[in-house]
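The values are calculated or read from the model by the stated rules, or taken from the named source; none is laboratory data. None of the values given here were measured: they were computed from a predicted structure. Every residue, glycine as well, gets a Cβ built from its backbone with ideal geometry; the counts of neighbours run over all protein chains shown. Surface accessibility is based on the protein's heavy atoms, side chains included, excluding ligands, DNA and RNA. Shrake-Rupley method; radii C 1.70, N 1.55, O 1.52, S 1.80 Å.
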Amino acid sequence: MTGSPCLLVTGGAGFIGVNLVRRLLRETDALILNLDKLTYAGNLESLADLAGDPRHNFIHGDIADRELVRKLLTDHQPAGIFHLAAESHVDRSIEDAGDFLQTNVVGTYHLLQEALAYWKQLPAQQAATFRFIHVSTDEVYGSLGQDGFFTEESPARPNSPYSASKAASDHFVRAFHHTYGLPVVTTNCSNNYGPYQFPEKLIPLMLLNALDGKPLPVYGDGGNVRDWIHVEDHCAALMAVWRYGRVGQVYNIGAADERTNLDIVHQICAAVEREMPVAKNPRLAQKGIRNYTDLITYVPDRPGHDRRYAIDPSRVKAQTGWQPVMGFADGLRQTVRWYLDHPDWVEHVRSGTYQDWMKQNYGWRLEEKK
Ligand code: NAD
Ligand code: TYD
């Protein structure tokens, strides 16, 4: 192959995908093929400033569309695939897991089939360096007690429909390596936070609700523990795994930053207070609220709510040299600042008009917002 390599990113209009596409453009000379179905979670406004970049090629489509995927692989000859496209929210999977089964399991299967057919006909040198990086979650391992960590040897014990669908996709990826030799690498990462996250997830939901003076809904007793990592650290790990990871390996990615949900919500309230003091926030004054923490509201627990996640990231560190660099306090401050500095993005996402924005700017047929 001559010229710059091409990389296919699926789900590149979602939270992690947007951050990964930006990083790949920044840190490599690759052409990025970004395949995304633009579900409610996909937002091209997050990539608006890349519209004129000849190295970013957005394709509106479904990973389960075999013909489309085949054509993309044949026409662009990517050197690797970062597979992020998924339905990703546990609460939605509890309401209805149909889309989770379709995209995370069936969609991944179709993508694997096309990747395999493509890889098999590559010349030996390109076949040897091709990688299918499957981006998954620590939630596939189920729930921990008070002690211990998830390692790559932990058994898959998914508890939510979301994690069940991701575990199923992990198994298919593993099987395509074991049976057909497809050069895959799977990553299982802990909870991400940072810019461009859809405000249905804990951190952006809480910080935007706080700014608006809306209740901060804590599930159950707030004692559930998640292991947090800044999205930039996750994306750096994905690139390290792509460059230095061993074929067929699984890598757990995490920043060893465990916190209860209640602790997170208190830290968000403190970070929001620093950036936008309650006394200067007219929405809070109107409601007579003097502290952001007054908005904390305990609500019924999520069914089947996993109690604790914690990652042992020793393998990815030892084998790729990756280290997380963003501490939680700095990462949270930066995240609060990002949401405050992007009021249009926030307003369009919260009102649903980001989909009108996409229609106006791209004129694509978009699904109904669910
Ligand atoms: P997200 O929900 O923000 O984005 C998912 C993207 O996939 C969206 O842009 C959506 O339009 C696209 N998509 C959905 N179905 C598709 C389909 N059939 N074809 C093409 N595109 C489709 O999710 P995220 O938080 O960015 O997560 C990305 C990946 O990382 C997922 O696979 C998720 O399981 C995994 N992961 C997420 C976290 C986290 O904390 N967010 C942690 C570990 C792993
Ligand atoms: P979430 O961001 O949905 O990620 P996940 O379920 O994939 O870990 O939730 C993170 C934690 O926060 C989880 O324990 C559920 C809890 N949570 C709340 O307490 N209230 C909320 O409104 C949300 C969205 C989550």
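Data table
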quantity: Local electrostatic count at Asp227 - Lys and Arg +1, Asp and Glu -1, tallied over other residues with Cβ under 13 Å; calculated: -4
quantity: Cβ crowding within 10 Å averaged over residues, with 59-66, 354-361, 193-200 ranked highest first; calculated: 193-200, 59-66, 354-361
quantity: Distance (nanometres) between label positions extended 7 Å along Cα→Cβ at Asp212 and Glu27; calculated: 3.4
quantity: Quotient of Cα Rg and 2.2 N^0.38 Å for the chain, N being how many residues it contains; calculated: 0.98
quantity: Distance between the stretch 182-240 and the stretch 116-133 - C-alpha centres, whole angstrom; calculated: 33
quantity: Inter-probe distance in nm under a simple model that places probes 7 Å from Cα toward Cβ, at His110 and Asp96; calculated: 1.9
quantity: Burial ranking of peptide ranges 305-311, 243-249 (average Cβ count within 10 Å, highest at the top); calculated: 305-311, 243-249
quantity: Amide hydrogen neighbours beyond the local backbone of Val218, cut-off 5 Å, H modeled; calculated: Thr297, Tyr298, Val299
quantity: Separation between Cα centres of the stretch 273-322 and the stretch 32-52, rounded to whole Å; calculated: 27
quantity: Surface accessible to a 1.4 Å probe, Asp312 within the full protein complex, Å²; calculated: 50
quantity: Under 5 Å, built H, 5+ apart or other chain: amide partners of Glu258; calculated: Trp228
quantity: Computed FRET value (nearest 0.05) for Tyr219 with Gln126, which takes r as the C-beta separation and R₀ as 45 Å; calculated: 0.40
quantity: Distant-in-sequence amide H partners of Cys189 (H built 1.01 Å from N, under 5 Å); calculated: Ser136, Thr137, Asp138, Ile253
quantity: Label point at Ser314 placed 7 Å out along Cα→Cβ; residues across the stretch 148-174 whose backbone nitrogen lies under 16 Å; calculated: 148-154
quantity: From phi via Karplus (6.51, -1.76, 1.60), per-residue ³J(HN,Hα) for the stretch 147-158 in Hz, x at Gly/Pro; calculated: 10, x, 9, 6, 10, 5, 8, 4, x, 6, 9, x
quantity: Separation of the His305 and Lys359 label points, Cα + 7 Å toward Cβ, nm; calculated: 3.7
quantity: Contact order relative to length of the stretch 226-370, as percent, for alpha carbon pairs under 8 angstrom and 6 or more apart; calculated: 35
quantity: Whole-Hz couplings from phi, Karplus 6.51/-1.76/1.60, listed for the stretch 286-303; x for Gly and Pro; calculated: 3, 8, x, 9, 9, 9, 4, 5, 5, 7, 4, 10, 7, 10, x, 5, 5, x
quantity: Two-site FRET efficiency, Arg174 against Ala51, from Cβ-Cβ distance with R₀ of 51 Å, rounded to 0.05; calculated: 0.85
